[in-house]
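Notes for the one structure printed next.
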Amino acid sequence: MERPQRKRVLRRATVVSSEWLSPSMVRIGFTGEDLVVMADLPYSDHYIKMLFPPAGASYAWPFDPEQVKAERAPEQWPITRTYTVRAYDAASGTMFVDFVVHGDEGVAGPWARRVKPGAEIGFYGPGGGF
């Protein structure tokens, strides 16, 4: 029996910190009103689906992914990458996500390498299974 698909809720987060853990791994801290949902989740394996405009896109965050898909060719649609939430600090309302950076290759790694506090990003979730 197929599970009914839940409507995905688009959320946003603001970058508040960036800490290099090694030459190829950076931990990004996020905050924002939409992260309050993290506090009451029963999962031990939280994940989020982050939304990135493709290289050369004429749009940037904030954007409505469904509107972009309705109005643009598939190669211009947002790119989704799934990341495990490393930690959530309920006291400060901060979510931490680790990114592997492979130089200029990929989508999320280059973004994580150059992102600065104050930048915003959209995501779906959080989800989990355990």
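The values are calculated or read from the model by the stated rules, or taken from the named source; none is laboratory data. On a predicted model such as this, the values are computed, not experimentally measured, just so you know. Methodologically, a virtual Cβ is constructed for each residue, glycine included, from the backbone with ideal geometry; neighbour enumeration extends over all protein chains shown. For the accessible areas, the whole protein counts, side chains as well, though only heavy atoms, and no ligand, DNA or RNA atoms are used. Shrake-Rupley method; radii C 1.70, N 1.55, O 1.52, S 1.80 Å.
Summary of values
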{"item": "Highest-fluctuation residue, 51, 21, 35 considered, GNM on the chain with Cα pairs under 10 Å", "result": "21"}
{"item": "GNM top mover of 63, 52, 99 - the chain, alpha-carbon springs below 10 Å", "result": "63"}
{"item": "For the stretch 84-130, projected area of the alpha-carbon convex hull averaged over all directions, nm²", "result": "4.4 nm²"}
{"item": "DSSP-loop trypsin sites (Lys or Arg not before Pro) across the stretch 52-130, with at most 15 other Cβ within 10 angstrom", "result": "72"}
{"item": "Of all accessible heavy-atom area on the chain, the percent that carbon and sulfur account for (1.4 Å)", "result": "51 percent"}
{"item": "Candidate lysines - alpha carbon under 26 Å from residue 69, same-chain residues fewer than 8 apart omitted", "result": "7, 49"}
{"item": "Rg [Å, one decimal], Dmax [Å, integer] - the stretch 7-68, C-alpha atoms", "result": "14.3, 39"}
{"item": "Charge dipole of the chain about the Cα centre (unit charges at C-beta), most positive-ward option of 14, 90, 54", "result": "54"}
{"item": "Accessible area (Å², per residue) of the chain, counting only protein heavy atoms and a probe of 1.4 Å", "result": "62 Å²"}
{"item": "Mean separation of Cα contacts under 8 Å, 6 or more apart, over the residue count of the stretch 65-130: relative contact order %", "result": "16 percent"}
{"item": "Cα-based radius of gyration of the chain once divided by 2.2 N^0.38 Å, which approximates compact folds", "result": "1.07"}
{"item": "Relative contact order (percent, whole number), the stretch 2-130, Cα cutoff 8 Å, 6+ residue spacing", "result": "40 percent"}
